Amino acid sequence: MIKGKNEDKKQHILDAALTLFSNTHDVKKASIETIAKTAKVSLATIYNNFGTREKLVYEVIKLLFKDNIEHNRKLFYSNVPLTQKIMGVISGK
């Protein structure tokens, strides 16, 4: 049960970081304090889950790649024409 709660907090942190990174268009402009406030967790929780700011950024990038790969996999196996698949991969939609 506790593991699930920690995973929820970790996901909230990742979501908050991704939102702030996207809004500022620069990972350096989103402070750890702002990420913690947005995720409604303490600074200690962020550092306990990720260790460093760099590790948090890395995990957000990993999440983006994972989501992108899953999107492209679904698109690849869909019944849409090849040109639409290619455009979907390029546009991310």
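The values are calculated or read from the model by the stated rules, or taken from the named source; none is laboratory data. Bear in mind that the values here come from a model prediction, so they are computed numbers and not experimental data. Cβ placement follows ideal geometry from the backbone for every residue including glycine, while neighbour counts extend to all protein chains displayed. Accessible surface areas use protein heavy atoms only, side chains included; no ligands, DNA or RNA. Shrake-Rupley method; radii C 1.70, N 1.55, O 1.52, S 1.80 Å.
Some points to look at:
- The one condition in (1) under 10 Å from the mean Cα position of the chain (by Cα); (2) not in a helix (DSSP H, G or I) that Lys62 fails to fulfil: (2)
- Residues that are under 27 Å from Gly88 (Cβ atoms) and open to solvent by 60 Å² or more (accessible area, probe 1.4 Å), drawn from the stretch 23-68: Asn23, His25, Tyr58, Ile61, Lys62, Leu64, Phe65, Lys66, Asp67, Asn68
- Selection count, the stretch 70-91, where residues are loosely packed, with under 10 Cβ neighbours inside 10 Å and closer than 29 Å to Lys28 by Cβ: 2
- Residue pairs whose Cβ atoms lie under 6 Å apart, separated by 6 or more positions or on different chains, with the first residue in the stretch 64-93 and over 26 Å from Asp15 (Cβ atoms) and the second assigned to a helix (DSSP H, G or I) and of a type outside the set (D, E, K, R), are Lys85/Leu75.
- Hits in the stretch 1-22 - residues which are open to solvent by less than 60 Å² (accessible area, probe 1.4 Å) and either of a type in the set (Val, Ile, Thr) or closer than 14 Å to Leu56 by Cα (or both): Lys10, Ile13, Leu14, Ala16, Ala17, Leu18, Leu20, Phe21
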